[in-house]
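First the structure, in the form of structure tokens, and then the observations on it.
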Amino acid sequence: MQMLEEYRTKSYRQHLRPPVEENLIRDKTAIVGIGQTEYSRDSGRDELDLACEAIKKAVADAGLKMSDIDGLEALTLDRVSMPTLIGSLGIENLRFTSEVSFGGGGACALVMHAAAAVASGAADYVVCYRALNEASGHRYGRGDGYAEYLKAAPTLHYGYYFPYGFLTPLSWAAMYTKRWMHEYGIKLEDTGWYSVVLREYAQNNPEAIFYGKPLTIEEFHESPMISAPLRLFDCCVDTDGAAAVVVTTADRAKDMPHTPVYIAAAAQSSPIETEIQTSYNRPVVAGLPETWYVGQELYRQSGLGPADIDVAQLYDPFSYGAMIQLEELGFCGPGECVDFCQGGDRIRVDGELPLNTSGGLLSEAYIHGVNLITEAVRQLRGTAHNQVTDAETAIVTAGPGLPTSGLILRK
Amino acid sequence: MTERTLKDKTAIVGIATTDLARDSGRTEYSLACEAVKLAVEDAGLEMADVDGIVKDISDGIDPMYLQKAVGIDNAQYCSDSHWGTSAIMTGVTAIAAGICNAVVYYRCLNGGSGRRAGNDFRAAREMKDEGLDLIRYDFYSPFGLLTPDGLAAMTVRRYLHEHGIEAEEVGWIPAVASEYAARNPDAIFFDEPIGLDDYADSTMRVDPLRELDCAPGVDGGLAVVLTSAERAKGLRHTPAVVMGVAQGTSTEGELLSNFTRPDISALPEIRLMGDELFRVAGIDRSDVDVAQLDDRYAPYVAMQLEELGFCESGSGVAFCEKGERLRVDGELPVNTGGGFLGGGFTYGLNVIEGVRQIRGTSASQVDGAEISLVVSGAGGPADGMILRRA
Amino acid sequence: MTTQADSEAPVIPHPALWAVLYRSSTPFWEAVGRHELTLQRCSDCKTWRMPPRPMCPRCQSAESEWVPVSGRGTIHSWVTYPESPHPAFEAPYAVILVELDEGPRLVSNPVGIAPDELEIGMPVEVVFEDVSDDFALYKFQRAG
Amino acid sequence: MPLEYIPGIPILRPYVDPDNQPFWDAVDRHEFVLQRCSDCDVYFQPPRPMCPHCLSMDSLEWVPSSGRGEVYSFVVFAADRMAYPGMKIPYVVVLVEMEEGVRLTANIVDAEPDEVYIGMPVEVTYNSPMEGLTLYQFKKRAS
């Protein structure tokens, strides 16, 4: 319980972590390839098919052959069976495979685990991927998706939620959001700019689901309440699609086709008393201790601070999920994130902290956050649709309110 | 390759099992908590030292749950790896890469009383659990090829056929396992050794696999604690240093049902994994003092001996003849705790026995054992490790 | 207090109805429903893909064609179940692995061959059994 | 508007195993108990087989709760998209901080959605949405 108590006072116990000198990931590993399928509301294909396409493109983007790949990282929620995927890709021998628990919270951990594998010599080139038919197939986020959770997640505590009609991640998150609004006096009428700016980004991104569909602040406030305090346009966009990245060592990355994107830091955190969005028995409900801890660890490893970050890709299953992270990661003070986003100027491409520049999970696509990693890579390569001038450092986070992970990437 | 290597960077410093039973009467949650507590105690560490959790995804209890009960403050490396004991390798990379201090691996299952391995496929199909390899089972289940035993039997018949082996000759493998199990109080399935007659009399489960070819389900929990080889030095027990750890997969590889690859009676994953494992460890086959092989199905032991290079292709069953080579004073003592055949099918038991041999605390101790080989995942994605006495 | 498991006993479908789940496999089963045996082959490098899949493991091509096969082959291996693991199957019954003349292998059941007559290498040919109006299974009998 | 169920749609049952059986058995008897470590004097929710402070498996006990608490947060289910089809919308799920310190969720059975506020005093009550299923719930309480 010590960590949660220390979270109250924000006292980070860095002495408990392995010394930075021992960290073989920092600047010694890199993302060298990215790939994605079309993002759509109905792919007409199965997840295996989507995964194959995204991986093939990522491997080609890295200038590699499929036979160079010797590691594979998946999320446990991914419905593609790994042996079947290996058989389809035609990889003769994988020296390293690993799976990260569940979905969104593991997105950056995919890269972290891959980086640990290449840094320690367990593999040379590791592919991380996520493929899902969230829009047309099984939905994790909706009432009819509860069966997915029953099998995919620990079942014991759901007995305290399901009988009460309380069975979707967004409504679980609404509970802590409501408490957060209460504690910091946030007013509903002040919100909405986050969603509006992300939709602006999507207008320049032809791959985005909401390309060609702008949103005004008035339309936001007219959108229906889904699970108070969450409105429809606070929520992410169910998507069919897949995305993949290739991780290798910095040494190898130097000779590859694209500007290497180095992993300056990678961290994962699962504090005690954590559940998936329902961590209601922690001392502080109105906050994201795992995100705070990941941030502290990322800054410790990289030697950077919030002021050094040029562009942020923060996991946004719903608007507040990303905004509260701005507080936990030190981009603004506690309770100030709605102010930070007010009018949108600070989070636009020429602002203080350009945020989720592809449109994020709200307006580009919901590929469980792997599409945030690919966007960060594009920003550092200089090839983003909403390019931040001279972007050299990017922070990426994974799902808030559950065991989570994060990355700091740099050119 | 550069100096980047997993060799000698990490060590297993804690091991524990709960009581293993046919029916525990307890939840998997409770079994997991007890095993982790005992393993951390065995290591001489505090729970506060543990900052990584790795496990097999097929186990019921999520790390978040484990943390709630055993008090792991903040898990900063979590992996739910798949198959065998491959999750341990992810823990090794986390420590070797300098992102974790100590990692606990655990496994808990009520495989004896509850979910039995043989029912998993059926139950999973009815739940449409696509964690299993569905695309393949679609082509098997309509014809009644429904159980892991049946998938393995198909491979075993072809293996016996290609090498002209009589099925009865396989009996030496369970016979030796029963001898070891009878000496090991943790291994509950044999009170006394069996002979070849018992094997010949054993009922067919799925022809050509007999009851005595198949490791029984068991209830229990086990846990293993890893830390860096450096930190391991001051701890309670002789560390089992991880000289090498490796995984192996192959294209056209499935879980037991590898029917589409050219030679269905070979285990290329084991061969690829073994080659990598010995390369990383930098030792020869002849340096291995004791081996824990995957005996979920007895004939797979013979196949592993071949693929790992301890004997020629097709001679694995002959290698086991009369059991002399496999016994504790033999050429290659195998499954000295009784294996899964004697202890019940739960991956990780083989790792624990491998560590006991290094510590010198096995119920069937190999004299002066310095180097211990552990293999998991025969018939599917494979993994293995080589441990040495510090 | 009863649990979810107690109150809702699962309905057990015939395993044949589990067959079509992956879209990659759909053309295969549709052809079997028409009593035709076709296999997926890479359009580019002509490698067979059995079981079906969206990408060629040899050349990573996403293009494929469905090619009729002879339906003739030999028994590559077989097992028998003395006890049935599922109510849809009456024990004892046999499952065979057939290596088609074209190379790929199929799991199936023998028709008109007693378990004690089964032999590795026995020549067999495909027959079809209807399960429903549009769903059939492929099985194998002794080659004529 | 009191909590209403839609006939014909079963309510999802809690998952019961030996670790939490005493809790649900008590609810069946209309009693409300919480798990506590008698050595550390700490309450837990959800229940667990071991105390994370002293790692004892024997010191855990089930003790009667006052059943009183305050609303700590709440969610109003106003749209079909997130709601369970077996319950009439709008319905409210409250997160209640009990006097013992632990927090639990349930429905509030006797309040309009716009009546509910953070800090509202509530106490445990029981209902039976369908045969063979008893649930703990919360109702308004004078402060």
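Scan the range A:176-186 residue by residue and report those that are assigned to a helix (DSSP H, G or I) and surrounded by fewer than 23 Cβ atoms within 10 Å (Cβ to Cβ). Even if it seems obvious, please write down each step before you answer.
Going residue by residue through the range A:176-186, those that are assigned to a helix (DSSP H, G or I) are A:176-184.
The answer is A:Arg179, A:Met181, A:His182, A:Glu183, A:Tyr184.
Please count how many residues of the range C:87-121 are among the hydrophobic types (A, V, I, L, M, F, W, C), under 18 Å from C:Ser70 (Cα atoms) and in contact with a Gly (Cβ under 6 Å, 6 or more places away or on another chain).
Selection size over the range C:87-121: 2.
Need the failing condition index for D:Pro2 against (1) assigned to a loop (DSSP other than H, G, I, E, B); (2) without any contact (Cβ under 8 Å) to a residue 12 or more places away in the chain; (3) not assigned by TED's automatic domain parsing to the domain that holds D:Leu133, just the number.
That leaves (2) as the condition not met.
Among the listed residues B:Gly282, B:Gly343, B:Gly309, B:Gly337, which satisfies the condition of being surrounded by fewer than 19 Cβ atoms within 10 Å (Cβ to Cβ), of a type in the set (Gly, Ala, Ser) and more than 14 Å from chain A (Cβ to nearest Cβ)?
Every option except B:Gly309 fails the conditions.
I'm trying to understand the selection: among the residues of the range A:1-11, which are hydroxyl-bearing (Ser, Thr, Tyr) and within 11 Å of chain B (Cβ to nearest Cβ)? Give the steps one after another, and end with the answer.
Narrowing the range A:1-11 to residues hydroxyl-bearing (Ser, Thr, Tyr): A:7, A:9, A:11.
Within the range A:1-11, just A:Tyr7 meets the criteria.
Scan the range B:61-76 for residues that are within 12 Å of chain D (Cβ to nearest Cβ) and aliphatic (A, V, I, L, M) and jot them down. Give the steps one after another, and end with the answer.
As a first pass, look at the range B:61-76 and keep what is within 12 Å of chain D (Cβ to nearest Cβ): B:61, B:64-73.
Within the range B:61-76, B:Ile61, B:Met64, B:Leu66, B:Ala69, B:Val70, B:Ile72 qualify.
(1) in contact (Cβ under 8 Å) with a residue 24 or more places away in the chain; (2) at negative phi: which one isn't true of B:Cys311, the others all being true?
(1)
Does A:Pro400 fit the bill of being touching a residue at least 12 places away in the same chain (Cβ under 8 Å) and within 13 Å of the chain's Cα centre (by Cα)?
Judged against the criteria, A:Pro400 is a match.
Go through the range C:76-105 and give me each residue that's within 7 Å of chain B (Cβ to nearest Cβ), more than 16 Å from the chain's Cα centre (by Cα) and either of a type in the set (A, V, I, L, M) or surrounded by fewer than 16 Cβ atoms within 10 Å (Cβ to Cβ) (or both).
Answer for the range C:76-105, where residues must be within 7 Å of chain B (Cβ to nearest Cβ), more than 16 Å from the chain's Cα centre (by Cα) and either of a type in the set (A, V, I, L, M) or surrounded by fewer than 16 Cβ atoms within 10 Å (Cβ to Cβ) (or both): just C:Pro82.
Residue by residue, here is whether (1) within 14 Å of chain B (Cβ to nearest Cβ); (2) crowded, with 16+ Cβ neighbours inside 10 Å holds:
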residue: D:Arg48; (1), (2): yes, yes
residue: D:Asp80; (1), (2): no, no
residue: D:Met87; (1), (2): no, yes
residue: D:Leu135; (1), (2): no, yes
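Residue check, A:Met256 against (1) on the phi > 0 side of the Ramachandran plot; (2) surrounded by fewer than 23 Cβ atoms within 10 Å (Cβ to Cβ), all met but one. Which one?
With respect to (1) on the phi > 0 side of the Ramachandran plot; (2) surrounded by fewer than 23 Cβ atoms within 10 Å (Cβ to Cβ), A:Met256 is out only on (1).
I'm checking my understanding of the structure. Among residues of the range C:106-141 that are among the polar types (S, T, N, Q) and out of contact with any Asp or Glu (no Cβ under 7 Å at 6 or more places or on another chain), which one is surrounded by the most Cβ atoms within 10 Å (Cβ to Cβ)?
Going residue by residue through the range C:106-141, those that are among the polar types (S, T, N, Q) are C:108-109, C:132, C:141.
Now restrict to residues that are out of contact with any Asp or Glu (no Cβ under 7 Å at 6 or more places or on another chain): C:108-109, C:132.
On the way: C:Ser108: 26, C:Asn109: 20, C:Ser132: 10.
The selected residue is C:Ser108.
Return yes or no: is C:Gln40 without any contact (Cβ under 8 Å) to a residue 60 or more places away in the chain, assigned to a loop (DSSP other than H, G, I, E, B) and surrounded by 15 or more Cβ atoms within 10 Å (Cβ to Cβ)?
Against the criterion (without any contact (Cβ under 8 Å) to a residue 60 or more places away in the chain, assigned to a loop (DSSP other than H, G, I, E, B) and surrounded by 15 or more Cβ atoms within 10 Å (Cβ to Cβ)), C:Gln40 does not qualify.
Those residues that are closer than 21 Å to D:Val93 by Cβ, within 23 Å of the chain's Cα centre (by Cα) and either of a type in the set (D, E, K, R) or in a strand (DSSP E or B) (or both), I need them from the range A:217-255; list them, please.
Matches in the range A:217-255: A:Ile226, A:Ser227, A:Leu230, A:Arg231, A:Asp234, A:Cys235.
Any chance you could count how many residues in the range A:84-114 are touching a helix residue (DSSP H, G or I) at 6+ places or on another chain (Cβ under 8 Å) and within 11 Å of chain C (Cβ to nearest Cβ)?
Of the residues in that region, 7 qualify.
Listed residues C:Glu125, C:Glu119; which is in a strand (DSSP E or B), more than 14 Å from chain A (Cβ to nearest Cβ) and either over 14 Å from the mean Cα position of the chain (by Cα) or of a type outside the set (Lys, Arg) (or both)?
C:Glu125 is the lone residue from the list that is in a strand (DSSP E or B), more than 14 Å from chain A (Cβ to nearest Cβ) and either over 14 Å from the mean Cα position of the chain (by Cα) or of a type outside the set (Lys, Arg) (or both).
So in the range A:38-63, with the set limited to residues that are in a loop (DSSP other than H, G, I, E, B) and of a type in the set (Gly, Ala, Ser), which one is surrounded by the most Cβ atoms within 10 Å (Cβ to Cβ)?
Initially, the range A:38-63 is screened for residues in a loop (DSSP other than H, G, I, E, B), giving A:38-39, A:41-46, A:62-63.
Narrowing further to those that are of a type in the set (Gly, Ala, Ser): A:43-44, A:62-63.
Numbers: A:Ser43: 24, A:Gly44: 10, A:Ala62: 26, A:Gly63: 14.
The residue in question is A:Ala62.
Of the residues that sit in the range B:32-48 and are closer than 14 Å to B:Ala223 by Cβ, surrounded by fewer than 22 Cβ atoms within 10 Å (Cβ to Cβ) and among the acidic types (Asp, Glu), which one is farthest from the other protein chains (Cβ to nearest Cβ)?
B:Asp42
The values are calculated or read from the model by the stated rules, or taken from the named source; none is laboratory data. Keep in mind it's a predicted model, so treat the numbers as computed, not measured. With ideal geometry, Cβ positions are generated from the backbone for all residues, glycine too; neighbour counts draw on all protein chains shown.
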